[in-house]
Amino acid sequence: MNFVEPFPKDKIANIANWLKKYNEKYYVIFLIGISVGIRSCDILKLKIKDLENTDKITIKEQKTGKTKIFPLKPQIAKVVKDYIENYCDKEYQEYIFLGKKGARLDRSAVYRVFNRCVRELGINMKCGNHSSRKFLAKNLYLQTKDIALVMEILNHSNMRTTFHYLGITQDRIDEAYRDLDLGLQTV
């Protein structure tokens, strides 16, 4: 497995603007990814009926087989609904995100566009489809300090996987032990 980094929070607006100008569908994929942390394979299998009249995404995760419900922030729900209204042919189209030949968009296309975006913006990072998911994990943890919540949202069964997402390595653990103030003056 290749290691990818989360999108940097201070560059999110720049990335979103670049993607919106480049192609609306990648912008919407990005917004869903950073706001709810769904894997790209699950974003790309979303159907129009899944999102047309709701502010939540209910999916059966491809990797885990578990059904999950993800609430959408109102501004993200509006962007998604506008995209469906303006770019999807509801009569003939089942999936929201289609490629050039009318088939469901492929993960490799998302990977290429996300990498082109960060490269053109001069962002030095190891980017991949999971960068959005890791962005959500990292920022949710920084905001809540609740690793169990992050684990549940990401549907991780192993805490080590969540640690990997958050960049918690043995070196960071060792440093935390060394820097811990025990309140002992001199022993």
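Structural remarks
- Here is the list for region 1-110: chymotrypsin sites (Phe, Trp or Tyr not before Pro) lying in DSSP coil, each with at most 16 other C-beta atoms within 10 angstrom of its C-beta, are 3, 92.
- Sites residue 58 and residue 170, calculated FRET efficiency, Cβ-Cβ separation with R0 41 Å, nearest 0.05: 0.60
- For residue 116, solvent-accessible area (1.4 Å; no DNA, RNA or ligand), Å²: 90 Å²
- Here the label points at residue 143 and residue 20, each 7 Å from Cα along the C-beta direction, are separated by 1.9 nm in the simple model.
The values are calculated or read from the model by the stated rules, or taken from the named source; none is laboratory data. Keep in mind it's a predicted model, so treat the numbers as computed, not measured. We place every Cβ from the backbone using ideal geometry, glycine too, and count neighbours over all the protein chains shown. Just so you know, the surface numbers come from the protein's heavy atoms only, side chains and all, with ligands and any DNA or RNA stripped out. Shrake-Rupley method; radii C 1.70, N 1.55, O 1.52, S 1.80 Å.
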